[in-house]
Amino acid sequence: GVFPSLSKRQQTPFTEAVILELLRYISHVPLAVPHSTLENATICGYHIDANATIYINLWALHHDECIWPDPWKFDPGRFLDNDGAILSPLHPKRKRMLAFGAGRRVCLGESLAKNRLYLFVTALLQRLTFVPDDSEAVPDPDPRSYDLGLVLHPKPFKVKAIRRVHDP
């Protein structure tokens, strides 16, 4: 069979949209790396002292109804245009999805992580079909029910991975 390749990424906009929506919906890391102010500042009427520690609440940003209509619905279509193409990184929706931070302090590994996620997801979906294990109930997919820790994660559950049969 053909192995997943980054050269095919532009030809798989829905897969790309699913990955972006996963990053938004789940927001594994709920707070961005903290920043400090260098001087006193006023933003939207709020005074911020010099040397204040600022945390960007990615969880709140990624679930803000003013930015993301129906934010608790998993909808990869948020990242597709009317023709089914992936939205440009300069599109306002893409610019508001900050799973890797933003600006000068954006995660240096963002490109590597997104490339690896794409290859990992496409390889899994190409070779396996995932179905719930009959022995237990599937946990609630709503990230508000996830276990808290350094990163958010769903409660443990079992799933069956069935190898896909490919024509020779």
Would you please report the Å³ per residue occupied by the convex hull of the alpha carbon atoms in the chain?
155
Reachable lysines from LYS8, criterion Cα separation under 26 angstrom, eight or more residues apart if same chain:
LYS93, LYS95, LYS114
Give me the distance in nm between label points sitting 7 Å out from Cα along the Cα-to-Cβ direction at VAL18 and ILE43, one decimal.
3.5
Between ASP83 and SER7, 0.36 nm times their residue separation minus their Cα-Cα distance comes to what?
25.3 nm
Measure nothing but the geometry: give the 0 to 90° angle between the long axis through the Cα atoms of 110-127 and the longest principal axis through the Cα atoms of the chain, rounded to 10°.
20
Name the residues whose placed amide hydrogens come within less than 5 Å of the amide hydrogen of HIS153, ignoring near sequence neighbours (fewer than 5 apart) on the same chain.
ASP147
Quick one: grab Rg to one decimal and Dmax as a whole number for segment 29-124, Cα atoms only, in Å.
16.3, 49
I want to check the label-to-label distance for ARG104 and ASP64. Put each point 7 Å from Cα in the C-beta direction and report it in nm to one decimal.
2.2
Of the candidates GLN126, LEU58, THR37, the farthest towards the positive dipole end of the chain (Lys/Arg Cβ +1, Asp/Glu Cβ -1, centred on the Cα centre) is GLN126
Shape descriptors of segment 1-56 over alpha-carbon atoms, Rg and Dmax in angstrom, are 19.6, 59
Suppose every K and R has +1 on its Cβ and every D and E has -1 on its Cβ; what is the size of the dipole of the chain about the Cα centre, in Debye to the nearest 20?
620
Round to the nearest 0.05 the FRET efficiency obtained for VAL138 and THR53 when R0 = 41 Å and r is the Cβ-Cβ distance.
0.55
Using θ = phi - 60° and the Karplus relation 6.51 cos²θ - 1.76 cosθ + 1.60, list the HN-Hα couplings for segment 72-79 in order, rounded to whole Hz, with x at every Gly or Pro.
8, 9, 6, 9, x, x, 4, 9
Likely footprinting exposure, TRP59, TRP72, fewest C-beta neighbours within 10 Å first
TRP72, TRP59
Crossing angle, helix 13-26 versus the chain [Cα axis fit, 0-90 degrees, rounded to tens]
50
Using Cα springs under 10 Å in a Gaussian network model of the chain, which residue among ASN57, ASN82, ASN40 shows the largest mean-square fluctuation?
ASN40
Calculate the length of the line joining the C-alpha centroid of segment 110-129 to that of segment 23-43, in whole Å.
27
Take the chain, connect every pair of alpha-carbon atoms lying under 10 Å apart with a spring to form a Gaussian network, then pick out the residue of LEU152, LEU22, LEU108 with the largest mean-square fluctuation.
LEU108
Please find, in a Gaussian network model of the chain (springs between Cα atoms separated by less than 10 Å), the residue of SER135, SER88, SER27 whose mean-square fluctuation is greatest.
SER135
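Read the figures in this text as sums done on the coordinates, not as results from a lab. Every value quoted in this text rests on a predicted model; they were computed, and no experiment measured them. We place every Cβ from the backbone using ideal geometry, glycine too, and count neighbours over all the protein chains shown.
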